[in-house]
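The values are calculated or read from the model by the stated rules, or taken from the named source; none is laboratory data. Because the structure is predicted, anything quoted here is derived from the model rather than measured. Cβ placement follows ideal geometry from the backbone for every residue including glycine, while neighbour counts extend to all protein chains displayed. These area figures cover heavy atoms from the full protein model, side chains too; ligands, DNA and RNA do not enter into them. Shrake-Rupley method; radii C 1.70, N 1.55, O 1.52, S 1.80 Å.
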Amino acid sequence: MSVTQSVTYADVAEAHERVKPHAVRTPVLNSAAIDAATGAKVFFKCENLQNMGAFKFRGAYNALSQLKDKSQGVIAFSSGNHAQAVALAGKMLGIKTLIVMPEDAPKVKLEGTKSYGAEIVLYTKNESREAVAEKLRKERNLVLIPPFNHPHIVAGQGTAAKELIEETGPLDLLLVPVGGGGLISGCAIAAKHLAPRCRVIGVEPAAGDDVTLSFKSKKIIRIEVPETIADGARTQAPGDVTFPLILQNVDDMLTVTDGELLRAMFYLWERLKTIVEPTGALGACALFEKKVSASGQRVGVLLSGGNVDLRWAAAALRARP
């Protein structure tokens, strides 16, 4: 499949057949307290309980499993979750992995990536991760597995929404965290096929609103590397694969502040008794802060990951007013 080719629901369904023997069919949780507070019936798809702790395993496994020459080795760049996903999928498939990560990546994500046997190369904020990865790719003759901007990645990520709606039945609204747009691209394709009247809304950190700006202007807008606690959403622009899919299938984009996000993250910990990382709480945050009308509706919320540094979280909790 060409990287410029559109992704269809058939691609998502085929990806699911590849992925489901190896991925966790993550639970869908409810909370009477959250339903009462929001006035909605809310279904949380817990991808924080996925292999390696995030939805990224779905896309990585789908992409790596389709490589023709598995002896060649792959390279990826990531702030953490895609790194762990590629490393784990590579370990399962017997493919060597080299991961380019920021030197300030959360310790839990660095350690997780190393534990799956990947070789790690760190880069500084002054370096382009794409340039570092491309140099290494050429030197070592590796296959690049991008974090979001590839049809096989998009199709794999869409299997999360496919599972959610198969379990819950049609939804009125689906709230999805957004970084580079791989998750929402795939999930919107699945949602529009399985529940055509479902509104799909993406949520970004206010400091990293590249997809929101791009969505509103109908053209790709590039921003500086954002400073936000949502480290999985520190992207600078959507891709040429994800952006057209977002324009075609997503109904709206919203943003939340880091303060709102921190509050939502700990509320999820308290109410659902499950650990969600800041990026993973983006969709839930928009619901809790009433940035979207949801009263009386059936609402799906993707909790995209749970790889949070607990030492950081403890400090953040102590600092709460």
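Would you point out the residue of the range 45-95, among those that are of a type in the set (Lys, Arg) and not in a helix (DSSP H, G or I), that is most open to solvent (accessible area, probe 1.4 Å)? For the range 45-95, the residue satisfying everything is 68. Pairing residues of the range 299-321 that are of a type in the set (Val, Ile, Thr) with residues that are open to solvent by 80 Å² or more (accessible area, probe 1.4 Å) and in a strand (DSSP E or B), at Cβ distances under 9 Å and at least 6 apart in sequence or on separate chains, gives 299/41.
When each of 273, 219 is tested for being free of Cβ contacts under 8 Å to residues at least 24 places away in the same chain, out of contact with any Asp or Glu (no Cβ under 8 Å at 6 or more places or on another chain) and either surrounded by 21 or more Cβ atoms within 10 Å (Cβ to Cβ) or more than 17 Å from residue 46 (Cα to Cα) (or both), the lone residue that passes is 219.
When you check residue 254 against the structure, is it assigned to a strand (DSSP E or B) and either β-branched (Val, Ile, Thr) or open to solvent by 20 Å² or more (accessible area, probe 1.4 Å) (or both), yes or no? Considered against the rule, which asks whether it is assigned to a strand (DSSP E or B) and either β-branched (Val, Ile, Thr) or open to solvent by 20 Å² or more (accessible area, probe 1.4 Å) (or both), residue 254 comes out as yes. Being over 16 Å from residue 109 (Cβ atoms), in a loop (DSSP other than H, G, I, E, B) and either under 20 Å from the mean Cα position of the chain (by Cα) or of a type outside the set (Ser, Thr, Tyr) (or both) is a property that does not hold for residue 283.
Take the conditions assigned to a helix (DSSP H, G or I), more than 24 Å from residue 277 (Cβ to Cβ) and among the charged types (D, E, K, R) and apply them to residue 18. Does it pass?
Working: assigned to a helix (DSSP H, G or I): yes; more than 24 Å from residue 277 (Cβ to Cβ): yes; among the charged types (D, E, K, R): yes.
Considered against the rule, which asks whether it is assigned to a helix (DSSP H, G or I), more than 24 Å from residue 277 (Cβ to Cβ) and among the charged types (D, E, K, R), residue 18 comes out as yes.
State yes or no: is residue 180 among the small types (Gly, Ala, Ser), buried (at least 17 other Cβ atoms within 10 Å of the Cβ), in contact (Cβ under 8 Å) with a residue 12 or more places away in the chain and not in a helix (DSSP H, G or I)? Before the answer, list the steps.
Details: among the small types (Gly, Ala, Ser): yes; buried (at least 17 other Cβ atoms within 10 Å of the Cβ): yes; in contact (Cβ under 8 Å) with a residue 12 or more places away in the chain: yes; not in a helix (DSSP H, G or I): yes.
Yes: the conditions hold for residue 180.
Of all residues in the range 96-136, exactly one satisfies the criterion of being without any contact (Cβ under 8 Å) to a residue 60 or more places away in the chain, open to solvent by less than 30 Å² (accessible area, probe 1.4 Å) and in a loop (DSSP other than H, G, I, E, B), namely 118.
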